[in-house]
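Trainee: Next up is a structure, given as structure tokens.
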Amino acid sequence: MLYQLAEASQKLTQEVSKVIIGQNEIVEGILLSLLTRGHSLLVGVPGLAKTLMVRTIARLLDLEFSRIQFTPDLMPSDITGTEILEEEHGTGRKHFRFIKGPLFAQIILADEINRTPPKTQSALLEAMQEHAVTAGGQTMKLKEPFFVLATQNPIEQEGTYPLPEAQLDRFLFMLKLDYPSFEEEVEIVKKDSTNVLQNLQPILNSETLIQLQAFTQKIPVAENVVRFAVQLTRNTRPDSPDITPELKSWIKWGAGPRASIGLIQAAKARAAMNGKPTPEIEDVYHVAPAILRHRIVLTFNAEADGKNADDVIDQIFRIMKVGDKR
């Protein structure tokens, strides 16, 4: 199973690269999320092929794909579904029938999640946590595997509803999508990705992916790797005795135990993708920024000093003598 997982991951990455130029770290993050049954928050400006990337992965995994454009007037029933009153032909009897919304897919692209009010955000986050939708007094399970990729535009914040920290914590990763390099952008302009996408054939299916997810969960982890992940998470908190006074002045709140669990889960998945039977500290180190950056709340001192969450994580790594992540 380990060989099958590593081979499938390599082939998926190669096939995605036929459609998406660059963005290798983002693709890896999405694949890690899929293997760990997690969800990802993707932060990047419009026009960087987020929809195409997710649609490509959905096609390669033979999963149902749905894109939801979040707007200020979007209601929970618009994404979960609604009941309609129908009349039977012949008898004239009336009954309610539930019409499923776009959440009833397997890969959901929730575009600009911070554009919609908290009530609609909560409906999405409930589905993410429970893998189920409650409507009309009934709870309906969503088809597995179920994965949400939500996007946020980091530029325009007027008229938005930022996700509270407790809701951000539900996302395993926050992936930062950057502009392509000059040569990558030249290739993007020259490539006709639409035709390539149509010619892609599925590599895995739902059943195989669920098996790979179960295998990933059972991968053993050495005690020192677990302790490193826990210590890393604890060092994001201002009451940690192992960080400097300067770092303490930058951090208002740090990551909770869910981050420690996420570090180990993602490290397992990354090790398996690279054909390793167990994760190493380097695997934890590699996935840590994407798992921790949205779980650290900074103080005014940090903002005044021009520091962000990635700067804090860099400092923590230096203190732990692992080295600068760059």
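Every residue, every condition in (1) of a type outside the set (G, A, S); (2) in contact with a Leu (Cβ under 6 Å, 6 or more places away or on another chain), yes or no:
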residue	(1), (2)
G101	no, no
I107	yes, yes
D111	yes, no
K119	yes, no
M128	yes, no
K141	yes, no
P145	yes, yes
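Trainee: Look at L124 and say whether it is under 26 Å from V284 (Cβ atoms) and assigned by TED's automatic domain parsing to the domain that holds V45.
Mentor: no
For (1) within 24 Å of M320 (Cβ to Cβ); (2) surrounded by fewer than 14 Cβ atoms within 10 Å (Cβ to Cβ); (3) in contact with a helix residue (DSSP H, G or I) (Cβ under 8 Å, 6 or more places away or on another chain), each residue gets a yes or a no:
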residue: F173; (1), (2), (3): yes, no, yes
residue: L177; (1), (2), (3): no, no, yes
residue: V189; (1), (2), (3): no, yes, no
residue: N199; (1), (2), (3): no, yes, no
residue: V226; (1), (2), (3): yes, no, yes
residue: T233; (1), (2), (3): yes, no, yes
residue: T244; (1), (2), (3): yes, yes, yes
residue: W253; (1), (2), (3): yes, no, yes
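Trainee: Go through the stretch 129-138 and give me each residue that's part of a strand (DSSP E or B) and either modelled with pLDDT of 85 or more or aromatic (F, W, Y) (or both). If you could, list the steps in order and put the result at the bottom.
Mentor: The first filter runs over the stretch 129-138 and keeps only residues part of a strand (DSSP E or B), leaving 132-135, 138.
Listed by number, the residues that qualify are A132, V133.
Trainee: Of all residues being assigned to a loop (DSSP other than H, G, I, E, B) and free of Cβ contacts under 8 Å to residues at least 24 places away in the same chain in the stretch 277-315, which is surrounded by the fewest Cβ atoms within 10 Å (Cβ to Cβ)? Just the residue, please.
Mentor: So the residue we want is G306.
Trainee: Is at least one residue of the stretch 59-68 among the basic types (K, R), outside any loop (DSSP other than H, G, I, E, B) and either in the same structural domain as M174 (by TED's automatic domain parsing) or within 30 Å of E185 (Cβ to Cβ) (or both)?
Mentor: Of all residues in the stretch 59-68, those among the basic types (K, R) come to 59, 67.
When the remaining residues are screened for being outside any loop (DSSP other than H, G, I, E, B), the result is 59, 67.
This time we only want the ones that are either in the same structural domain as M174 (by TED's automatic domain parsing) or within 30 Å of E185 (Cβ to Cβ) (or both), so: 59, 67.
Within the stretch 59-68, one or more residues are among the basic types (K, R), outside any loop (DSSP other than H, G, I, E, B) and either in the same structural domain as M174 (by TED's automatic domain parsing) or within 30 Å of E185 (Cβ to Cβ) (or both).
Trainee: Right, something else. When you scan the stretch 80-133, how many residues do you find that are farther than 29 Å from I155 by Cβ, without any contact (Cβ under 8 Å) to a residue 12 or more places away in the chain and surrounded by 12 or more Cβ atoms within 10 Å (Cβ to Cβ)?
Mentor: Counting residues in the stretch 80-133 that are farther than 29 Å from I155 by Cβ, without any contact (Cβ under 8 Å) to a residue 12 or more places away in the chain and surrounded by 12 or more Cβ atoms within 10 Å (Cβ to Cβ) gives 2.
Trainee: Suppose the filter is acidic (D, E), on the phi < 0 side of the Ramachandran plot, part of a loop (DSSP other than H, G, I, E, B) and at pLDDT below 90; does E126 pass it?
Mentor: It is false that E126 is acidic (D, E), on the phi < 0 side of the Ramachandran plot, part of a loop (DSSP other than H, G, I, E, B) and at pLDDT below 90.
Trainee: Among the helices (runs of 4 or more DSSP H) contained in the stretch 166-268, which hold 2 or more residues that are farther than 30 Å from K307 by Cα? Break it down stepwise before answering.
Mentor: Values: elements: 182-190, 193-199, 206-217, 223-234, 245-250.
Once the helices (runs of 4 or more DSSP H) in the stretch 166-268 are filtered for at least 2 residues that are farther than 30 Å from K307 by Cα, what remains is 182-190, 193-199, 206-217, 223-234.
Trainee: Further question: Looking for something surrounded by fewer than 21 Cβ atoms within 10 Å (Cβ to Cβ) and out of contact with any strand residue (DSSP E or B) (no Cβ under 6 Å at 6 or more places or on another chain) - is there at least one such residue anywhere in the stretch 265-272? Please lay out each step first, then the result.
Mentor: Pass one, the stretch 265-272, residues surrounded by fewer than 21 Cβ atoms within 10 Å (Cβ to Cβ): none.
Within the stretch 265-272, not a single residue is surrounded by fewer than 21 Cβ atoms within 10 Å (Cβ to Cβ) and out of contact with any strand residue (DSSP E or B) (no Cβ under 6 Å at 6 or more places or on another chain).
The values are calculated or read from the model by the stated rules, or taken from the named source; none is laboratory data. Fair warning: this is a prediction, and the values are worked out from it, not measured in the lab. So basically every Cβ, Gly included, is an ideal-geometry build from the backbone, and we count neighbours across all protein chains shown.
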